[in-house]
Structures are given as structure tokens and as C-alpha cells.
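Taking it in order: structure first as C-alpha cells, then the write-up.
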Amino acid sequence: MDNAARPPSAQTATRRTLIGIWAAWAAALLVFQAIVPMRLELTRPDSALGWTPNETRRTSQNDKPYLVEPFLNAQVGWDSEFYLSIATAGYDDPLVRAVKAGGRMLSLNYAFFPGYPIAMAIAAWPIRWIGLTQIAGSTLGGVVVSLVAALFAMFAIVELTGKDPDNRADGIRAATYLLIFPSGFFLAQVFTESLFLALALWCLVFARRGNWLAAGALAIGVTLTRATGVALVVPLAYLAWQAWDSAAGRARVLSILAAAVPVIVFAAWRISPLGQSFAAVEQAWFGREFLSIGKSFYNAYQAVVQMTSKNTQATIYFALEFAAIALAAAGCIGVARRHPDIALFSAAVLVGSLTSGYIQSMVRYTLTMPAMFFWLAQLGRRPAFDRGWSFASTLLLGMLAMLFTFDMWVA
């Protein structure tokens, strides 16, 4: 048979399918965010939380230059300000608010890890040659990084489900469910979820293959992208233990080193001036702490009180937060036997997020807990569940993407 006439391999065909799904999702989402403000306007302010009214008035963004740049403005909001600032001007940017922490004034930028802004700056470097302003270039760089990372996260999901045709079908479904999850639009915004998830999933792919050098290198990137990257130590240690008996001496050493990378990198970063400033700003401004169990339980109770109040905006917001937590927990249990490494990673990220002090942004944080999507994909083998979940999830995705586009609080 002529080479040109040979059918594509199963892997090539799967990747073409994923690229098609990803391209359609990205185009539909970006167009939706561009046209929805042309058709309607939302009533301001947003009263979902006690502090949101002051941050969601028509003039609330006027003192935030990184959030008022017209170019791709629908794709930025909230924390995007800090990623854009770090990528454009560095951590000590006078255009960003500061807080007194640790006895000195510190930029709020210090509450954010450097991995994603560095990737943004790299992507933006050639883009700026086309004549965009610095902020516009950083914005485009951030969106490009997020979109490309989302695609590679989809590839990794399929790799992790296995090569059997039924498993690949589960992988395609899981990757699609990731994109259409109610907060899945964050994967195309100037936010870290796409990059974090892509790096973490490919780290697990290489660890499963026994390529501990690649796994360790990716673990560095994961740990420098989000604080919960240190959770990778759990699945990597498990995979190293599983491979111990069959591994040679050198492979055993590399597996131990790779498993230790998240802890080593996080500890080194934490004692650095950057890490010390991070802890000070997180506590002083955002109220987040590591394993703050008592505070987390108290604020979870307060979230329930707000959810059951007469404030319907708070009711819907916290209902989605708690639903996301429940789905993530169910996913960890649901895939524990089939994909223990993914379950362990997701559970570690979930615990770290839940004990950081507040029940806020969980519907976004759960995007980085892949067990949920693997579990939903298993349920999606039933056509009725697949269509029903896809329909319900997409409707909620549209609602939350619209709120974000209007600079309302989502997560």
C-alpha cells in the first residue's frame, strides 16, 4: 500500500479529533465573549459576596490600568491584573496596589507565582513586534499560553486514559468535559489553570513511562506556577513506589529525586525573598494560609449561612462552589482504583484548596483536579448522561463566561 494511502494511526486520528474540538471551543468562546456585551448589559453591582459590590461598579476598574486595555479586554479580569503586571513590568510595579505586610509596603503582585507570567512574557516577546502596546502584547501572550496549554492538557488526558479504543473514547470525553465545565472558560483567559494542568498532567504521563528526568523538569514548572503544585509530591511518590521493584539502580535514584522535586522547589522558593513576600501578602490582603483548618471550617459555615440567606446571588454562587467541591471529591473516589495517581494528585490539591482559609473560587480551582473529568467521562459512557451533562454544563459555562466578561465575580 502506498504511504499516502495509509490511514492515520489511532493516536494521530485522536489528536486530530482533539484539535478539532479545541479549535471549535476556543473560537466559540472567544466570539461569545466578544459579542455578548454588544447585545446586553448587566445590572451592577454584583452582590454575590460582601466585598463584591465595591469591586463591580461601572468605574471599579478605572484605577487598574492592566484591566482597562481595550485589546482582548473580555479575557482579563480580577487576578489577570497581577499576571499582566508581572509579565510586563515585574513584581515591583508602581501601577499595582500595595499593602503593608511584614513591616513594609509590598505589591499585591507578590501573592502570585512567577511561572505563568514568565511564559506570558516569552510568548509576548515576538508578538510586540507587530506594534501592540506592552499591556496588549502581554494580554495576547497570556491568552496564547492558556489556549495552547489547554490543548496539551487535552492530549495528556487521553494519554493517561490508555491506548485501548474504549479508553481513548473516555479520554476524548474527559477532555471535552474539561473544556465545557462551568468554569472551563478560564482555560482561555489570562489565568494560570491551563498551564498548571498541562504541566501537571504531562508530568504524570512521563512518570508513568519511567522518564523521571522529564517528570522532574515538569514538576519544577508546576511548582512555580501555583502553590498547589507541591501536591505533585503525592502522586510522584506513589508512582516511584510502584516502579521500585522493576527499576534499576539509576532509575530508582531518579524516581526518588523526581518525587522530591516539588517539595525541594517549593521549600527553596518559600525561604527566598519572593516566597517570604508571597506569604506576607497572602495573609495580609487575601487572608489565605497553608492548612488553616480552623479558619476554613469557620468560613465554610459562613458560606452556608450566606447560601441560605435571602441574597439569591450569594445562593447561586455558593451552590456552585459546593457543587464543584462535591464533584471533585466524588471524582477522586470514582477513579481511585483505575487511576490512583490522578486521584491522589486531585485529592491533595482539593485538600490544599479547602484548607486555605475560604470557600471561594472553588469552581475555578477544581479545574486543576483532573480526577473529576476522568470520573465524569466514565459516567458519560451512557449516552443519556453524556448529553444531559453536556447540555447542563454548557448552559452554566455560558452564564459564568458572561458574568466574567462583564467583570462580575465568578471565581
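The values are calculated or read from the model by the stated rules, or taken from the named source; none is laboratory data. Here the structure is a predicted model, which means the values were calculated and not measured. We work out accessible area using only protein heavy atoms, side chains counted, and drop any ligands, DNA or RNA first. Shrake-Rupley method; radii C 1.70, N 1.55, O 1.52, S 1.80 Å.
Any idea of VAL304's accessible area? Nearest 10 Å², probe 1.4 Å.
Rounded to the nearest 10, that gives 60 Å².
Taking N as the number of residues in the stretch 93-244, what value does Rg over Cα atoms divided by 2.2 N^0.38 Å take?
Details: Rg = 17.9 Å, N = 152, 2.2 N^0.38 = 14.8 Å.
Taking N as the residue count of the stretch 93-244, the ratio is 1.20.
Mind jotting down a quarter of the surface of the convex hull over the alpha carbons of the stretch 285-384, in square nanometres, one decimal? Don't skip to the answer; put the middle values down first.
On the way: hull surface 30.1 nm².
Dividing the Cα hull surface by four gives the mean projection, 7.5 nm².
Let me cross-check TYR177: its accessible surface, 1.4 Å probe, with only protein heavy atoms counted, in Å² to the nearest 10?
Here the accessible area works out near 0 Å².
With all protein chains present and a 1.4 Å probe, how do ASP79, ASP92 order by accessible area, largest first?
Listed by decreasing accessible area, they come as ASP92, ASP79.
Kirkwood hydrodynamic radius for the stretch 328-411: how many Å is it when counted over pairs of different Cα atoms? Please report the intermediate quantities before stating the final value.
Numbers: mean 1/r = 0.0715 Å⁻¹.
The answer is 14.0 Å.
How large is log10 of I(q)/I(0) for the chain at q = 0.06, 0.07, 0.09, 0.11 Å⁻¹ when the intensity is taken from the Debye formula with one equal scatterer per alpha-carbon?
These q points yield log10 I(q)/I(0) values of -0.24, -0.33, -0.55, -0.84.
Cα centroids of the stretch 358-387 and the stretch 213-266: how far apart, whole angstrom?
25
Report the convex hull volume per residue for the stretch 27-93, counting only C-alpha atoms, in Å³. Please report the intermediate quantities before stating the final value.
On the way: hull volume 7.8 nm³, N = 67.
With only Cα atoms used, the stretch 27-93 gives 117 Å³ per residue.
Once the Cα gyration tensor of the stretch 1-157 is found, what semi-axes does its equivalent ellipsoid get, as square roots of 5 times the eigenvalues, in whole Å, sorted largest first?
Details: eigenvalues 262, 89, 47 Å².
Sorted largest first and rounded, they come to 36, 21, 15 Å.
Protein chains only, probe 1.4 Å: how do SER277, SER272 rank by accessible area, largest first? Mind dumping the intermediate values first?
Working: SER277 5, SER272 30 Å².
Ranked from most to least accessible, the order is SER272, SER277.
Per residue, how much accessible area does the chain have with a 1.4 Å probe, in Å²?
Values: 18090 Å² over 411 residues.
With all protein chains present, the chain gives 44 Å² per residue.
Just the number, please: carbon plus sulfur as a percent of the accessible area of the chain, 1.4 Å probe, no ligands or DNA/RNA counted.
On the way: 11970 of 18090 Å².
The value for the chain is 66 percent carbon and sulfur by accessible area.
Which whole-number percent gives the relative contact order of the chain, counting Cα pairs below 8 Å spaced six or more residues apart? Intermediate values should be presented prior to the final figure.
Numbers: 609 pairs, mean separation 76.3, N = 411.
Once divided by the residue count of the chain, the mean separation gives 19 percent.
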